[in-house]
Each structure stands twice: as structure tokens, then as C-alpha cells.
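**Q** For reference, the structure I am asking about is given below.
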Amino acid sequence: MNAQEINKYFVNEIKELIAANAKDKVLDILSALHPVDIAEVLDVVDMHEAKYLYYLLEEETAAEVLLHLEEDTRERFLQALSSKEIAEIIIDNIESDDAADVLAEMDEEKQEEVISFIEDQEVAENIVELLSYDEDTAGGLMGKEMVVVEMNWSVAYCIRSMKRQAEGLDNIFSVYVLDEKEQLVGTLSLRKLLFSTTSAHDKIADIYTPVDMIWVEPSVKAEEVATIMQKYDLAVLPVLSKEGKLMGRITFDDVMDVMQEEAEKDYQMISGLTEEVESTDSVWGHTRARLPWLLIGMLGGLASAQVIGLFDIEDNVKMAMFIPLVMAMGGNVGVQSSSIIVQGLANGSFKELSIAKSVIKELGVGLVNGFICSVLVFGICYLFGISLALAMTVSIALFTVIIIAAMFGTFIPLTLNKFNVDPAVATGPFITTTNDIFGIFIYFVIGQMLLS
């Protein structure tokens with residue numbers, strides 16, 4: 001299947017076919033599309049056209065398409081479908097972790113109605129269990145669909161059981177082996193199962209691979225799960241209870257979603273957005289997300305103005321020329337340093353023993369950058385005929401501000417992380433505004449000492 005570019009011409013063609021009620025032609029187009037592409041089409045057409053297309057899809061495709069819809073579009077679809085339709089068209093055709101995610105978007109009454117229409121009692125119980133976990137934990141990420149065998153099973157019985165268990169699975173990442181207490185003891189290699197046995201009566205205990213597996217408990221945070229799977233390059237991660245019983249598994253596609261969400265959240269916080277926004281959100285939604293940091297920036301500007309007011313610059317008005325330079329350099333250096341620290345904290349590359357080295361490294365970078373920039377500024381001021389005293393003031397102030405901004409941008413995220421506060425809040429507008437105030441104060445203090 002070739003990737004399809006969903007452009008306005010393609011969408012307009014589908015709209016025209018819908019208007020002409022050309023179901024066969026529409027079906028021909030949809031059958032050639034990946035569910036992700038179909039979801040993209042449904043996101044851009046109006047709701048009436050989206051429903052027209054959706055009801056033409058086979059149930060399995062319709063269920064997968066729903067998972068890829070934008071959140072607001074999916075919400076409207078779920079409101080338009082009855083509880084029975086949601087259970088039969090969607091829940092019955094997706095895995096338990098995805099089903100729990102879909103139901104989590106509904107109120108409790110709607111959830112109970114949908115669950116009551118699920119015919120398979122085991123599936124219903126699994127979904128109820130998954131809904132009991134916070135969505136940002138391993139329990140909220142895990143799925144219940146697994147291939148599980150027991151040590152005391154014969155090879156013949158194991159193969160029959162695996163066939164039954166694998167019927168509803170798209171992929172088999174691992175075959176887990178349990179002991180008589182239902183505790184996870186290792187994995188079973190399909191190659192060994194097929195080629196290393198001499199008799200169908202051989203036991204799984206003779207051929208399975210006992211391993212000290214990497215696993216997590218249901219309460220582990222989703223970010224930590226993503227870090228573990230990325231660190232150890234895992235396609236699937238088992239979730240165990242404190243007693244060692246196998247409860248579910250987390251696959252790499254679930255972790256990719258977590259990593260993307262965290263990256264978007266951090267980017268928005270760095271950019272000065274207090275909550276997640278979409279391009280389709282209302283003007284008020286965008287305003288609510290942006291205004292808090294703008295107000296903080298405004299207050300920071302007022303504070304900077306008050307700092308300037310503390311000093312008498314009438315005798316040397318030319319100092320005002322370099323205020324934007326000092327403020328901009330302090331803010332930029334602070335954001336650079338904090339971004340490096342936040343990135344290291346996010347991907348787990350900073351350990352307790354490496355924090356001191358990171359601080360020393362940022363200090364070294366600040367010293368080198370500060371020296372180079374201050375020398376360049378001094379030379380430029382000299383070439384433009386600026387007085388020696390003012391050139392010295394700007395250079396020394398710039399050198400000092402860059403070092404302090406580098407340290408400030410390093411220590412603030414580390415301190416927030418120490419108190420379990422998301423260090424991303426330290427970047428962007430917060431550090432820029434704070435460095436502006438300190439930078440102006442330092443600049444005028446040095447100016448007062450050298451120019452008076």
C-alpha cells in the first residue's frame with residue numbers, strides 16, 4: 001500500500017463523491033487507504049461527511065480508524081454512536097489497552113453502559129481492571145493480550161493453547177512462561193519449541209529460557225517506562241505485581257505515544273504554554289494557554305523597569321543603548337543551559353554522580369562564551385568610538401551576566417527536579433524574565449562603579 005498524500009484536491013474529490021452518493025467509488029478509494037490516512041480524511045471533512053465515510057468501513061477498520069482520529073473528532077464520534085455500537089464496532093475489535101483509553105474519554109455512566117454490552121466477560125473484566133489505573137502509569141499503558149504458557153505443560157498442549165491465545169493478536173512479541181504459582185520465570189523461544197524437542201510429551205520446563213527479566217510494577221510512571229524501554233531497546237515490557245505475578249505487557253507503540261506526548265508537553269512549556277493546545281481550539285482556548293506566561297513576562301518587564309529606576313543614568317544616557325544586549329544575552333544563555341539540563345533529565349542521561357560534572361561543564365562553557373562575547377563587544381565598542389569606560393562596563397557586565405545566567409539555567413531545573421517538579425517549567429519565559437532582572441541589575445551596578 002503506497003502512502004497517500006491527503007491534500008485538498010484528494011479531499012474535495014471524496015466530498016464530491018459523497019455529495020453524489022457514489023458509495024462504490026468511495027469504498028474503492030477507502031479500501032486503498034491505510035486507517036491512519038482515513039482518519040486524516042475524517043478529521044478535515046465535516047461531521048456529516050465523516051459519519052457517511054465511517055459507516056462504510058468494515059468493523060475492524062472502523063475501530064482502528066477511531067484510534068487515530070484527533071481527540072475532538074473522536075469525542076464527537078463517540079457521542080454520536082450508541083453504547084451498543086461502541087461495544088460491538090469498536091471495543092470488540094481493538095486490544096484491551098486501546099479499549100480502556102477509548103472508554104477513559106467517556107463519563108462513568110457511559111462507560112458502564114458500554115461495558116454492559118461487551119459479550120466476552122473476560123474482556124470486560126480486563127478493561128475494568130485497566131480503567132482502575134492512572135493513565136500515566138504502567139498499569140494504564142499495559143494490555144492484557146499475551147501468549148502465556150506454564151512450565152508443567154507438555155509441548156503438544158502448549159502448541160494447542162498458543163494457537164487459541166494467538167487468534168486475536170496482531171503480533172506475538174514474547175511467549176511468557178509461568179510456574180505453578182503463576183509467577184513469571186522466563187520466556188519460550190518458538191525456535192526451541194519447534195526444533196529442540198524430541199517428543200510432544202516433553203515439558204516446557206525442559207526447553208524454556210529462564211531469564212532475569214526487566215519488568216515494572218503497575219504503579220511505575222509512564223515516563224519511567226518509556227526511559228526503561230528505550231535504554232534496554234525493548235519491544236515489549238512485562239508488568240508484574242509485587243508478588244511477581246504477570247499482569248500484562250506494554251508494547252513499544254504505546255511507549256512511542258508517551259514519548260511524543262511528553263515531548264509535545266515539554267515543548268509547550270518551554271514555549272510558554274500552560275496547557276496543551278491544538279490548532280482547532282477556540283480563541284479562548286489559545287488565550288487561556290498563553291496568557292499566564294505573558295503576564296509573568298509583563299511583570300518581569302515591570303520589575304526590570306523598576307530596577308533601571310533605582311539607578312541614575314542621566315549622567316550617562318549611552319548606557320541605555322546596551323540594555324537590550326545585556327537582557328538578550330542573559331536570557332539566551334539561560335535558556336540554552338536549562339534546555340541542555342532538561343533534556344538530560346528527560347532522557348535519563350544525568351545520574352547523581354554526573355550532576356557535579358554537568359554543573360562544572362556549564363560553568364566552563366559560560367566562562368569561554370562570556371570571554372569571547374565580552375572581548376568582541378569591547379572591540380566593536382572601541383571601533384564605534386564608544387568611551388573606554390563604557391566599553392569596559394558593557395564587556396565586564398556581559399561576561400558576568402553570561403556566567404550567572406549559565407549557572408542559573410543549570411541550577412533551577414536541577415533544583416525543581418530534586419523536589420519532583422517538572423524541570424521544563426524552568427525554561428523559556430521564566431528563566432528569560434528572571435535573567436533580564438538580574439542582568440539589568442548587574443549591568444547598572446558595574447556601570448555605577450566604573451562610570452561614576
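**Q** I'd like the residue in the range 321-360 that is in a helix (DSSP H, G or I) and farther than 24 Å from PRO429 by Cβ and, out of all such residues, is modelled with the lowest pLDDT.
**A** Result: LEU353.
**Q** Under 20 Å from the mean Cα position of the chain (by Cα) and either at pLDDT 65 or above or part of a loop (DSSP other than H, G, I, E, B) (or both): does that describe GLN268?
**A** Answer is yes for this residue.
**Q** For GLU113, indicate whether it is touching a Leu at 6+ places or on another chain (Cβ under 6 Å), among the acidic types (Asp, Glu), surrounded by 15 or more Cβ atoms within 10 Å (Cβ to Cβ) and at pLDDT 90 or above.
**A** The answer is no for GLU113.
**Q** Could you tell me whether ALA222 is crowded, with 18+ Cβ neighbours inside 10 Å and either in contact (Cβ under 8 Å) with a residue 60 or more places away in the chain or touching a Phe, Trp or Tyr at 6+ places or on another chain (Cβ under 8 Å) (or both)?
**A** Judged against the criteria, ALA222 is a match.
**Q** Okay, moving on. Restricting attention to the range 188-218, and to residues there that are small (Gly, Ala, Ser) and surrounded by 12 or more Cβ atoms within 10 Å (Cβ to Cβ), which single residue is farthest from ALA138 (Cα to Cα)?
**A** This residue is SER196.
**Q** OK, next. Confirm whether GLY168 is out of contact with any Leu (no Cβ under 8 Å at 6 or more places or on another chain) and assigned to a strand (DSSP E or B).
**A** No: the conditions fail for GLY168.
**Q** Can you confirm whether ASP206 is of a type in the set (Asp, Glu) and free of Cβ contacts under 8 Å to residues at least 40 places away in the same chain?
**A** yes
**Q** For the range 413-428, which positions are surrounded by fewer than 22 Cβ atoms within 10 Å (Cβ to Cβ) and either closer than 20 Å to ALA303 by Cβ or touching a strand residue (DSSP E or B) at 6+ places or on another chain (Cβ under 9 Å) (or both)?
**A** VAL425 - this is the single residue of the range 413-428 that is surrounded by fewer than 22 Cβ atoms within 10 Å (Cβ to Cβ) and either closer than 20 Å to ALA303 by Cβ or touching a strand residue (DSSP E or B) at 6+ places or on another chain (Cβ under 9 Å) (or both).
**Q** If the Cβ limit is 7 Å and pairs must be 6+ apart or interchain, which residue in the range 92-117 that is under 10 Å from ALA63 (Cβ atoms) pairs with which residue that is surrounded by fewer than 18 Cβ atoms within 10 Å (Cβ to Cβ)?
**A** Pairs that qualify, where the first residue is under 10 Å from ALA63 (Cβ atoms) and the partner is surrounded by fewer than 18 Cβ atoms within 10 Å (Cβ to Cβ), are ASN93/GLU59; ASN93/GLU60; ILE94/LEU67; ASP98/LEU67.
**Q** Which of (1) farther than 26 Å from ASN417 by Cα; (2) exposed (fewer than 14 other Cβ atoms within 10 Å of the Cβ) does VAL236 not meet, given it meets every other one?
**A** VAL236 satisfies all of (1) farther than 26 Å from ASN417 by Cα; (2) exposed (fewer than 14 other Cβ atoms within 10 Å of the Cβ) except (2).
**Q** Being in a helix (DSSP H, G or I) and free of Cβ contacts under 8 Å to residues at least 24 places away in the same chain is the filter here; which residues of the range 118-135 pass it?
**A** GLN121, GLU122, ALA124, GLU125, VAL128, GLU129
**Q** Give all pairs with beta carbons closer than 8 Å in which a residue from the range 181-198 that is under 11 Å from VAL149 (Cβ atoms) and assigned by TED's automatic domain parsing to the domain that holds ILE214 meets a residue that is part of a helix (DSSP H, G or I) and at pLDDT 80 or above; count only pairs at least 6 apart in sequence or on separate chains.
**A** Short answer, once both residue conditions are applied: LEU188/CYS158; LEU188/ILE204; LEU193/VAL155; LEU193/CYS158; LEU193/ILE159.
**Q** Restricting the range 184-240 to residues that are in contact with a Gly (Cβ under 6 Å, 6 or more places away or on another chain) and under 16 Å from ILE172 (Cβ atoms), which is modelled with the highest pLDDT?
**A** TYR208
**Q** For the structure I just gave you, tell me whether HIS34 is surrounded by 13 or more Cβ atoms within 10 Å (Cβ to Cβ) and out of contact with any helix residue (DSSP H, G or I) (no Cβ under 8 Å at 6 or more places or on another chain).
**A** yes
**Q** In the range 196-238, how many are in a helix (DSSP H, G or I) and within 34 Å of the chain's Cα centre (by Cα)?
**A** Number of matching residues: 10.
**Q** Taking the conditions exactly as written (within 29 Å of the chain's Cα centre (by Cα), within 20 Å of GLU105 (Cβ to Cβ) and touching a residue at least 60 places away in the same chain (Cβ under 8 Å)), does GLU40 satisfy them or not?
**A** no
The values are calculated or read from the model by the stated rules, or taken from the named source; none is laboratory data. Because the structure is a prediction, the values reported are computed rather than measured. Positions of Cβ are generated from backbone atoms using ideal geometry, with glycine treated the same way; all protein chains shown enter the neighbour counts.
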